[in-house]
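**Q** Let me give you the structure first, and then I'll get to my questions.
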Amino acid sequence: MIKILDNNLINKIAAGEVVERPASVIKELVENSLDAGADFITVEIKNGGIDFIEVVDNGKGMNREDASLCVERHATSKISSVEDLSNILSFGFRGEALAAISSVSKFSVQTKEIGAVVGTMVENNNTIENDFKVSEIGCAEGTRIRVENIFFNVPARRKFLKGLSTEFGHILNTFVNIALVNYRVRFKFIHNGKVVFDYHQYANIRGKEHESARIIDEWSGRVKEILGSDNFSNMIPFHQETGEMIIEGFVSRPEATKINKSHQYLFVNSRPVYNNIVHKAIYDAYRNLIPASSHPSFIIKLDLEPELVDVNVHPRKMDVKFLQQQEIFKITQATVRETLIGKELKNLSFAGEPFVSQGKEIKKLEIRNWKLGINNQNREDKISDFKMHTRGLSAPFIQQIKKQSDEIKNFNNEMFRNENGKKESLNWRLVGQIKNLYLIIETPESLVLIDQHAAHERDVYDKLTKDVENKNFKKQQFLMPLKIELSISEMDALKKGLCILEKIGFEVEEFGVNTIIVQTAPSDIADKNIVEIIKGLISDIFSNMSMDLEAEEKIIEARDRIIKYISCHSAIRGGDIMTQEEQMALTDKVVSGKIKSTCPHGRPIMTMMSWDEIGKRFKRI
Ligand code: ADP
Ligand code: MG
């Protein structure tokens, strides 16, 4: 028999999605306080929040009518139309948090609007469900919400709560995430009557015109409070603005990495999220700078137009989806990389004047012409397409499955347009990456496996060789020239290879007795760890290369060895996770026959098995 569920049951089901544990209650309540414009928020809890949670703010408060509505499902003051959905900057907008929380706890709100004479109290009755009592009360301006005995009426869930210390850990974590970006708000946190922390308010110290100073003076203050000054001293601040996005934050110096991911925080439009693309971009920026088993610390904030981000892909809004993932990847990777590499070159003068404040400098990165690449003509279409396929999938696991195929589809569409902008249909399908070593592809005739390193190595090698042969290499000037210190014997060895390096696209200058400066690198590999590559060339190739390179073929032979070395060391390695974009691009080259079938060392780059043969193995034929 089909029945319509009653409201109270619906709220309890929703509570399962929104309210998982005390920490999620705190997150919802504190975010509401932030949305209400509070700049002082106190959270008091007892026994890991299981027995008692109270959030007090000095925000704008609610009048009697709003206060009695706020516990209703789909009661929200934050959106009123479908159009609003794509322009959300507030934290909440579904209007279900308070309805859900109040359906599974003893719940009360005390609130007074700024300037109002009396306040309002709304409380539920612990026994008769969905029955709220509304009364007048004298109270301070702002809002106080109390949540007691969470899940008292859903025993299965209450039992599911972990011990006090686990719940407390989740709460701390939630708190830290919120406090880290909202540095203009004072946060006080009390557990079992003891003040756990009381973070200062860092307000508008210098005024808006000093954006970089803002990070130093205000945000740094909060970051230091939270990470502790030792950890903080290893963080490099940065701020970068591109056409449609601001990316800023702190990344740990490469030498100060950790063996775990304990200090990694990502925020998109001030919302703490985990996002695969951005995380991968950050790790990519550290590539070759830190050992494989270690982890950087970072606090990174991306601010971009709300309509370019879908925050609605996850019920608790813990993940986001970007309209232009590839660009986000590139900008993040490049910004972090520049911040890291630049720091090693502190004593060189670089393009942007460093901003020095409180003895710490912030690097003003060059403002690039990075565009997120939507032109006005198809902008609306793209955005609505994007919203269409992300909205409405509420179960996270369905999204997980869909996400991958959508990404591949998107990249397909993006990357394989011909000159006239028409989509070309592909006669192959990328299934994905396995063991971080191989790509699997389905073609009409066969199942294809590509060795990612061998294939990419071949691609880089061919490009470099072709450019050198056509005397047409594109070199890229570094924003900050790379400085490398060498021993006397290394300097000697380098001199042997210098003339060939120049032919490939490196501009290298001596800089004092034992230091060289690299001004340019071939653009195909300029984002790779050039310092490592040059040091490697010196020790592995130049040091045992003969000096007499008069004969033409000897020069070519030496050049070839050098290009092989560079290709091998700048190619994607086995073990590297590849982005969809990288996977698609590489597959296209291999499948279309644009690159040869062996790597420069002669290993095959792909293997395949025909469907006939596979059919035979399954005794289908
Ligand atoms: P949402 O945040 O998605 O709108 P909630 O259930 O969290 O939904 O809150 C419902 C409404 O109650 C909010 O839209 C807001 O108008 C009001 N509200 C909740 N908490 C506060 C607060 N601390 N101060 C002022 N108004 C609040
Ligand atoms: Mg809310």
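The values are calculated or read from the model by the stated rules, or taken from the named source; none is laboratory data. Computed from a prediction, not measured in an experiment: that's the story for all the values here. These area figures cover heavy atoms from the full protein model, side chains too; ligands, DNA and RNA do not enter into them. Shrake-Rupley method; radii C 1.70, N 1.55, O 1.52, S 1.80 Å.
**Q** State the Cα centre-to-centre distance between the stretch 523-577 and the stretch 498-512 in whole Å.
**A** Comparing the Cα centres of the stretch 523-577 and the stretch 498-512, I get a distance of 13 Å.
**Q** If you don't mind, another one. Hey, what's the stretch 517-621 come to in accessible area per residue, 1.4 Å probe, Å²?
**A** Normalised by residue count, the accessible surface of the stretch 517-621 is 52 Å².
**Q** Using θ = phi - 60° and the Karplus curve 6.51 cos²θ - 1.76 cosθ + 1.60, what whole-Hz ³J(HN,Hα) does each residue of the stretch 494-505 get, with Gly and Pro shown as x?
**A** Whole-Hz 3J(HN,Hα) from phi for the stretch 494-505: 4, 4, 5, x, 3, 5, 6, 3, 4, 5, 8, x.
**Q** Here is a further query. When only Cα pairs under 8 Å and 6 or more residues apart are kept, what is the percent relative contact order across the stretch 111-195?
**A** RCO, the stretch 111-195: 19 percent.
**Q** From Cα coordinates alone, what are the radius of gyration and Dmax values for the stretch 468-571 in angstrom?
**A** When restricted to Cα atoms, the stretch 468-571 yields Rg and Dmax of 12.9, 36 Å.
**Q** I'd like the carbon and sulfur percentage of the solvent accessible area for the stretch 425-536, probe radius 1.4 Å, heavy atoms only, ligands and nucleic acids excluded.
**A** Of all accessible area on the stretch 425-536, carbon and sulfur atoms account for 49 percent.
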